[in-house]
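Quick note: the coordinates plus some simple rules give every number you see, no bench work behind them. Please read all numbers here as calculations on a predicted model, not as lab measurements. All Cβ positions, even for glycine, are placed from backbone atoms using ideal geometry, and neighbour counts span all protein chains on display.
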There are 2 protein chains.
Amino acid sequence: MRFVVGLKCVHCGEQYAPEAVDYYCPRCGYHDGILDVIYDYDAVQSELNPQSMRGKKERSMWRYLPLLPIADEANIQHLQVGWTPLYHAPRLSAYLGVAHCWVKDEGRNPTASFKDRASAVGVIKALEKKASRITCASTGNAASSLAGFAAAAGLPATIFVPRRAPEAKIAQLLIYGAQVFSVQGTYDQAWELCMQASERFGWYNRNCAVNPYLIEGKKTVSLELVEQFNEIGAGHFPDWVVVSVGDGCTIGGIWKGLKEMHRLGFLSKLPKILGVQAAGCQPFLTAWQQDSPLVPVAADTLADSIAVGHPRNFYKGMLAVKESGGAFVAVTDKAILEAMTALARNAAVFGEPAGVAGIAGIKQAVEMGIIGPEESVAAIVTGNGLKDIQSAVKAAGAPVAVAPDMEAVAGIIGGILL
Amino acid sequence: MRFVVGLKCVHCGEQYAPEAVDYYCPRCGYHDGILDVIYDYDAVQSELNPQSMRGKKERSMWRYLPLLPIADEANIQHLQVGWTPLYHAPRLSAYLGVAHCWVKDEGRNPTASFKDRASAVGVIKALEKKASRITCASTGNAASSLAGFAAAAGLPATIFVPRRAPEAKIAQLLIYGAQVFSVQGTYDQAWELCMQASERFGWYNRNCAVNPYLIEGKKTVSLELVEQFNEIGAGHFPDWVVVSVGDGCTIGGIWKGLKEMHRLGFLSKLPKILGVQAAGCQPFLTAWQQDSPLVPVAADTLADSIAVGHPRNFYKGMLAVKESGGAFVAVTDKAILEAMTALARNAAVFGEPAGVAGIAGIKQAVEMGIIGPEESVAAIVTGNGLKDIQSAVKAAGAPVAVAPDMEAVAGIIGGILL
C-alpha cells in the first residue's frame, strides 16, 4: 500500500483515502460506483523500472509488489501464482492469418485460471481486515480460485452458487473446504444473498462488482506480458492484446497494467485491445457499436465464464477498448469450439471455452479486416480446458472404434492415416 | 547424449551402445529387458554441479541437459515443463503427524501431470529418429501428455485405448489432435495392438515398459526437488521422499534422480523412499513383504493411474525401496479420498486420486511406525485433481441447499457455521 494514494470512483470521480472505504463508492452505490486504485507512479518508478527488474529473481505476480495494494507481505500465501508461460505460436499464427501470435497460458495458475490473480489479492485484503470469513457469489473460476486461496490461508470461505451450478465446479469448491450454499433460485438471487450476508456478518466481499482491489491482481498479467515479451520476443510488442470479455473487470485490468508498464518505461507504444464476446451475450459489443449505454441482456453461450448479461465493470471494460483504439467482436459457440481444437493442435494449449474465445475473436477480426495480416497479436487464454470437459467432448470428435485385431487396425490406418 | 555411455539391461546386465538399440534388451525381450541409461558422471559433474547451477536461469526440466539423453536442443518443444512448485505445508504436517511435510505439485505441468516430463523426452527421441508418428497404449496421463507434446511438435500420434476408457480422458487426447483407437477389448489387447503397430509401421514407441528414455525425463523431478529444497528449505533434506506406485517407472526415476544429485554433490545423505500402492492393487507391497518375485494381480482401485496389476518396471521400482532402506505401504480407496480433501484443505493443492495416494501413504506409515513423528517428508503429487472430477465429488461431500431467503441463510449459519 506504500504507493497507493487513493480510491477513485469511476462514475462520479470522488476520491477516497484507502482506509476510508472498503468497497464501492458510498455516494454512487454498488450499481455504478466501482473504485479505481490510484498510485503515485513517480514513487513507484523509483523502485520498479526496467533497470531494477533486470536482476529480480521472483517469478510470480508478487514480483510487482510496488504496484499492488498489499500492506504486509507476510499475508502472501504459498501458492505459486502468475508468471505463467508466454509462448510464440507460429502454426497458430498461420491458422489465424496474422504475422505473429503469442499465447499466455493462464490455465497454468494454481486453480487453473486467470482468476487466481484476483483471489490471491482478495484473500490478502481479507486478512488485512482481520475478517472472519470471505465470500463471493459465482459458479465458476472466481469461486474456485477463492476457495483455493482461502484454503491456503486457512481462512473460512462461503460461496453462494445458483441451484443449476454444474456438479464438477461445486466439487472443486468443496474439495478446498469452502462452505457452499446451493441457492434454490437464480444467480441474481445468489448474488443478493451474498451481498446481504457479507454486510450482515462482516464477511469480506470478493466480488469484482464491488471490490476495488481484485482488478489490481488481474492487471499483473499485463505486467508479466510486457516483461516476458521484452525477454524472449523478437521485434516490437504485439499490435493487439486479445481477451474474452464477460464482466469487464479482466479486460479493464489488462488495459490498466499495460498503461502502467508504458508509464514506467517498459513499453514504448501501447497496443490496441480486442475484446471478444460470445455472440449469445454481447452487451459490450452492442454498446460500443451504437455508442450507447449498457443494456443488460439474457446470456446464451456455452462459454460460461463470459456469460455475463449484466456486466458490472462496464466502464472499465469499455475504456480499455475505446482508449486503446481497439475493437469488440463477438464469436459463435461453434467458432469457440473450433478455437479449442485450433489452439490445442497448433500451440498445444488446452483452454476452456471462455479461455479460447479470444483465439476465435482474432480469426473473426482478421476476417472483418479489423486486424491486418501484417499485425501481431498476444492472446490471454484465461482458463484451463480441464475445467470444462463437456465442451471439449463437443469440440474434439470421436475416437475410431476398432476390433482387437491387427489387420483391422492396419486396414483403417491404410485407408485413413498414412 | 554427450554424456551417455550406454544402455544396460536391468535383467541380464548386457550393455549396448545407445545407437545400437532403441527399446528393450534384444537378448531378454520386452517382458524383462528394460534398459537403464548409463552416464559418465565425472564428465557430467564438470558441467553440472552446485557451483555451476547457482547462476543458471533456466527454470524447467531442461535445466538439467547434461543429465538427459537429448542429442539436439533444437528438438525441445515450447511447452514449459518441470520446475513445478515445492511448498512447505505446516498444517498438512500436523495432520499427518510428521515434523515437516513438503509438497511438490506436479499437476502444474502442461497437461497437468508428472507424465509430461517423460513425454517431453519421448517426443524428442521420436524426432531424433525421424519417426513419422509416435504411439502408446494408455487411458491416462501418459496418453494425454503424449498427445500434448506431440501436438507441440506437430508430430502425429496414435493412441490405443481400451473401450472402457472414460470419455473425459479420450476428449483430452482428441483435443490435441491425436488419432485415438478405441479397441473393443481389454487394456492388454490395446497394448498388444500398440506394440504390433509400432513395429509394423515404424512408429516411435512411447511405452515405459519398453522405452529406456522416459524414466530419464521422470528423474528430473528429483533433481528439482533437491535444488529447490536447498534454495528454500530450512535444515536437512527430508528423511523420506514419497510417491504412489503403479508400473514402477516413476518411483524408479525418482530414486535415480536422487542418487544422481548425491553423486554430483548436491545432496549429502540419500533419503528413504516410501512407495504407496492402492490396497486393491499392491503387487509391489506383496513382493516386498514376502521377498518374492512379482506376481501379477487384478487391479481394483479408483486411483486409475496406479491401477497396474502387472508392473513392467518392477525391477527399477523395487530397487528404489530396497536400496534406500525405505518401505512400501498400501492405502484404501477411502483413505485416498480423505487424502484428497486433506491435501486441498491443508495445503491448497488439488490432486487426483493416484496423485494424493502418497499423502494417504504417509499417514498410514506414521500409524504403522514406519515414519517417526520427528521425521520429515517430501510428497510428489503426480496429477491434478481436475483430471478426475468424479472422485472429487465422492470425496468432497455436498453443498448446503437453501431457499433464496436471507433469514434461511442466517438460520443455517447460526446453527452450523459460526
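Couple of notes before you dig in:
- Taking amide hydrogens as placed 1.01 Å from N in the peptide plane, the amide H of A:Val331 sits under 5 Å from those of A:Gln277, A:Ala278, A:Ala279, each at least 5 positions away in sequence or on another chain.
- Normalised contact order of segment B:114-214, rounded percent, pairs of Cα under 8 Å and 6 or more residues apart: 34 percent
- Close amide-amide hydrogen proximity is noted between B:Ala401 and A:Ser182, each under 5 Å apart and 5 or more residues distant or on a separate chain (H modeled in the peptide plane; Pro and chain starts excluded).
- Cα gyration tensor category, rounded, prolate or oblate, for the protein assembly as shown with a/c compared to 1.5: prolate
- Of all beta-carbon atoms in chain A, the one sitting closest to the axis that brings chain A onto chain B gives A:Leu386, 2, with the distance in whole angstrom.
- Our summary gives segment A:1-96 a relative contact order of 27 percent, counting only alpha carbon pairs under 8 angstrom and 6 or more residues apart.
- Among B:Val366, B:Val393, B:Val377, the largest mean-square fluctuation in a Gaussian network model of chain B, built with springs joining Cα atoms closer than 10 Å, belongs to B:Val393.
- Using a 7 Å projection from Cα along Cα-to-Cβ, the label point at A:His236 is separated from the same position in the remaining copies by 6.1 nm, smallest value first.
- Of B:Glu19, B:Glu192, B:Glu128, the residue with the greatest mean-square motion in the GNM of chain B, using alpha carbon springs below 10 Å, is B:Glu19.
- Cα gyration tensor shape of segment A:114-212, rounded if a/c is under 1.5, else prolate or oblate by comparing a/b with b/c: oblate
- Label points for B:Pro50 are taken 7 Å from Cα along Cα→Cβ. From this copy to the others they lie 3.8 nm apart, shortest first.
- Each of A:Val409, A:Val356 was scored by other Cβ atoms within 10 Å of its Cβ. Listed from fewest to most, they are A:Val409, A:Val356.
- R0 of 51 Å, Cβ-Cβ distance A:Asp42-B:Glu367: FRET efficiency to nearest 0.05: 0.30
- Charge tally in the Cβ shell below 11 Å around B:Glu128, where Lys, Arg are +1 and Asp, Glu are -1, B:Glu128 excluded: 0
- Projecting 7 Å from Cα along the Cα-to-Cβ direction, the label point of B:Glu374 sits 7.4 nm from its equivalents in the other copies, listed shortest first.
- Between 0 and 90°, nearest 10: helix A:141-153 axis offset from chain A longest Cα axis: 60 degrees
- Degrees between helix A:353-367 axis and first principal axis of chain A (Cα, 0 to 90, nearest 10): 70 degrees
- The GluC sites (Glu not before Pro) of segment B:40-85 that meet both conditions, a loop assignment by DSSP and at most 14 other Cβ atoms within 10 Å of the site Cβ, are B:Glu58.
- Using a Gaussian network model of chain A in which every pair of alpha carbons under 10 angstrom is joined by a spring, one finds that among A:Ala74, A:Ala354, A:Ala395 the greatest mean-square fluctuation is at A:Ala74.
- Cleavage-rule hits, GluC sites (Glu not before Pro), segment B:351-418, DSSP coil, Cβ neighbours within 10 Å at most 11: B:Glu374
- Given their separation in residues at 0.36 nm each and the Cα-Cα distance between them, A:Ala298 and A:Glu14 gain 99.0 nm when the chain is fully extended.
- The angle between the Cα long axis of helix A:314-324 and the main principal axis of chain A comes to about 70°, on a 0 to 90 degree scale.
- Listed by Cβ neighbour count within 10 Å, with the fewest neighbours leading, B:Cys9, B:Cys249 appear as B:Cys9, B:Cys249.
- Across segment B:235-369, Cα pairs under 8 Å and at least six residues apart give a relative contact order of 31 percent.
- A Förster radius of 25 Å, combined with the Cβ-Cβ distance separating B:Asn75 from B:Tyr30, puts the computed FRET efficiency at roughly 0.50.
- With neighbours defined as other Cβ atoms within 10 Å of a residue's Cβ, the residues B:Arg163, A:Arg200, A:Arg63 order from fewest to most as A:Arg200, B:Arg163, A:Arg63.
- With the helix formula -39500 (n - 2.57) applied to DSSP H stretches of n ≥ 4, chain A reaches a computed 222 nm mean residue ellipticity of -12000 deg cm²/dmol.
- Applying 1/(1 + (r/R0)^6) with R0 = 30 Å to the Cβ-Cβ distance of B:Arg263 and A:Lys57 gives a FRET efficiency near 0.65.
- Spin-label proximity, B:Lys129 to segment B:154-179 - amide N less than 18 Å from point 7 Å beyond Cα toward beta carbon: B:154-160, B:179
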